[in-house]
Amino acid sequence: MPRLLLGALLAITLAPLLVLVGLVLAGALAPQAGLVAGAAVIAGAAGLAMIWAEDLRLVRQALRDAGATPAADAAPSSGARSRAATLPQMAVLTSDITRLSRQLAERDATLARLLKTDDIIIETLPDPLLVLAADRAVLRTNRAARSAFGGDIQALLRQPDLRDAIGRALAAPAPAQPTQIEFARTVPVPRDILATLLPLEPPLPDGGRLILVLSDRTRERALERMRADFVANASHELRTPLASLIGFIETLRGPASDDAPARARFLPIMAEQAERMNRLIADLLSLSRVELSEHQPPADPVALRPLVQRLLAEMEPRRVARSIRMELTGPDALPPVPGDADQLVQLVQNLLDNAIKYGAEGGLVRIGLEPAPPGRWPARPGVLLSVADDGPGIARQHLPRLTERFYRVDQGRSRAIGGTGLGLAIVKHVVNRHRGQLVIDSEEGKGASFQVWLPTAPEADAPR
């Protein structure tokens, strides 16, 4: 400030003082009068210099405020707030700078709001979205991507079809057009994914060169397969009971129309065949529903022990009819599993149903429910459900195919006791949807054991 004031004083007084000195030297002005005039010039110049220096300070403060670009509603600095510049042009300049500062602040605030809005929109998009750099590094992901793939994003990007498509999109000359590819993932569950690749030219400020949108098409493809499988399976499995019903109906309408003993004999068989078709269609529909949602793991907490106890009570009449004892072991307090309660009911119901059907009459069915022991099962915390019977057992060559649709070890016995050949297929797909594991152990003459491991925490929350 002192140097600024001295400079302003010299700039104002130099010319008038030189003129006064010239006049005194030329004899046109008395020395005494020249001294008085010089003092007056210096005094006036000093006052003007002080005003000029203060106005320059205000201008500098306004420039600093403009450079800082505060929020649009922030108060100006103390110097700018206390007074305006005295000199008219300085006042105009200070006012223009202050107005420019506010405009810049408003623009920055608007830009910040737009960026925040963009973030919210991207985060709430239902499809997974990734932003990739030129070196394929992942710069950004949205909530759907983190939820769907978690820590598997890098593994996903190494999938051969997707990796090649990303390379082509990044190498394409500008302006590159969006491209789409469809590929399949097999782990942790089969999924069909449609990838849309959107090259960015010029790149984003953070270096983003490619937007990758991953749309899950598993449900649509599952619907297509489900329609085809349902028609094929239903037509094959329904052919026998339908042929039986048609034959009995033709007999009752023809030769046996007035034969009361024949009607009494045929009608129970017809009712049994109709019930068999009803069970078959119900199981096919259940299997289709499970397969349709298999790629989406459930998240609702389900307490397994009360569920198992309720099903044991419901199956009491069937258990008593075969004089089978059922024993539930394990601690009362178990952590809940993230699951679909209806599908877990199907899982337990089918395992208990098989144990009652194929276990030895008058035998024992052991149901275990406990925290999964270490070693055989994944390191993640989980619950182990086991159902073991003391029936005739299953030959080892049949074990790998037990969860196939309509696979029966003894087809005649299975149909005779009401089996559809779909129970263990439903169990397998329910276990897959819950990201669990199913292990079947059996030997002929030693019964069969079915063990189901279910995680007690979603995969994203488990320790890695």
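The values are calculated or read from the model by the stated rules, or taken from the named source; none is laboratory data. Bear in mind that the values here come from a model prediction, so they are computed numbers and not experimental data. When we count neighbours, we look across all protein chains shown, and the Cβ atoms used for this are built from the backbone with ideal geometry, even at glycine.
Listed values, structure above:
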item: Residue that is of a type in the set (A, V, I, L, M, F, W, C) and modelled with pLDDT of 90 or more, where the choices are A195, A171; result: A195
item: Any hit, the stretch 89-100, residues being among the acidic types (D, E), modelled with pLDDT under 65 and surrounded by fewer than 14 Cβ atoms within 10 Å (Cβ to Cβ); result: no
item: Strands (runs of 3 or more DSSP E) fully within the stretch 97-216 counting 3 or more residues that are in contact (Cβ under 8 Å) with a residue 24 or more places away in the chain; result: 129-133, 179-185, 191-199, 208-216
item: Residue among I324, I281 that is touching a strand residue (DSSP E or B) at 6+ places or on another chain (Cβ under 9 Å), more than 30 Å from A457 (Cα to Cα) and surrounded by 14 or more Cβ atoms within 10 Å (Cβ to Cβ); result: I324
item: Check on L242, in contact (Cβ under 8 Å) with a residue 12 or more places away in the chain and in a helix (DSSP H, G or I); result: yes
item: Scan of the stretch 263-309 for residues that are among the β-branched types (V, I, T), under 20 Å from G339 (Cα atoms) and outside the structural domain of D340 (by TED's automatic domain parsing), ordered by number; result: V290
item: Residue match in the stretch 318-332 (condition: touching a Pro at 6+ places or on another chain (Cβ under 9 Å) and at pLDDT 90 or above); result: yes
item: Test: P338 is exposed (fewer than 13 other Cβ atoms within 10 Å of the Cβ) and either farther than 22 Å from L422 by Cβ or hydroxyl-bearing (S, T, Y) (or both); result: no
item: Residue list for the stretch 181-217, filter: in contact with a helix residue (DSSP H, G or I) (Cβ under 9 Å, 6 or more places away or on another chain) and not hydrophobic (A, V, I, L, M, F, W, C); result: E182, R185, P188, P190, R191, D192, P199, R209, D216
item: Which numbered condition A148 misses (of (1) modelled with pLDDT under 85; (2) loosely packed, with under 11 Cβ neighbours inside 10 Å); result: (2)
item: Conditions (1) under 16 Å from V452 (Cβ atoms); (2) assigned to a helix (DSSP H, G or I); (3) under 36 Å from the mean Cα position of the chain (by Cα): number failed by A355; result: (3)
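Per-residue answers, yes or no, for (1) without any contact (Cβ under 8 Å) to a residue 24 or more places away in the chain; (2) within 30 Å of A360 (Cα to Cα):
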site: L238; (1), (2): no, yes
site: A264; (1), (2): yes, no
site: I269; (1), (2): no, yes
site: R279; (1), (2): no, yes
site: A282; (1), (2): yes, yes
site: E291; (1), (2): no, no
site: R305; (1), (2): no, yes
site: A313; (1), (2): yes, yes
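Rundown of residues vs (1) buried (at least 20 other Cβ atoms within 10 Å of the Cβ); (2) over 21 Å from A282 (Cβ atoms); (3) at pLDDT below 90; (4) touching a Lys or Arg at 6+ places or on another chain (Cβ under 7 Å), yes/no style:
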residue: V383; (1), (2), (3), (4): yes, yes, no, no
residue: R396; (1), (2), (3), (4): no, yes, yes, no
residue: R408; (1), (2), (3), (4): no, no, yes, no
residue: G412; (1), (2), (3), (4): no, yes, yes, no
residue: I417; (1), (2), (3), (4): no, no, yes, yes
residue: L422; (1), (2), (3), (4): yes, no, yes, yes
residue: I440; (1), (2), (3), (4): no, yes, no, no
residue: P458; (1), (2), (3), (4): no, yes, yes, no
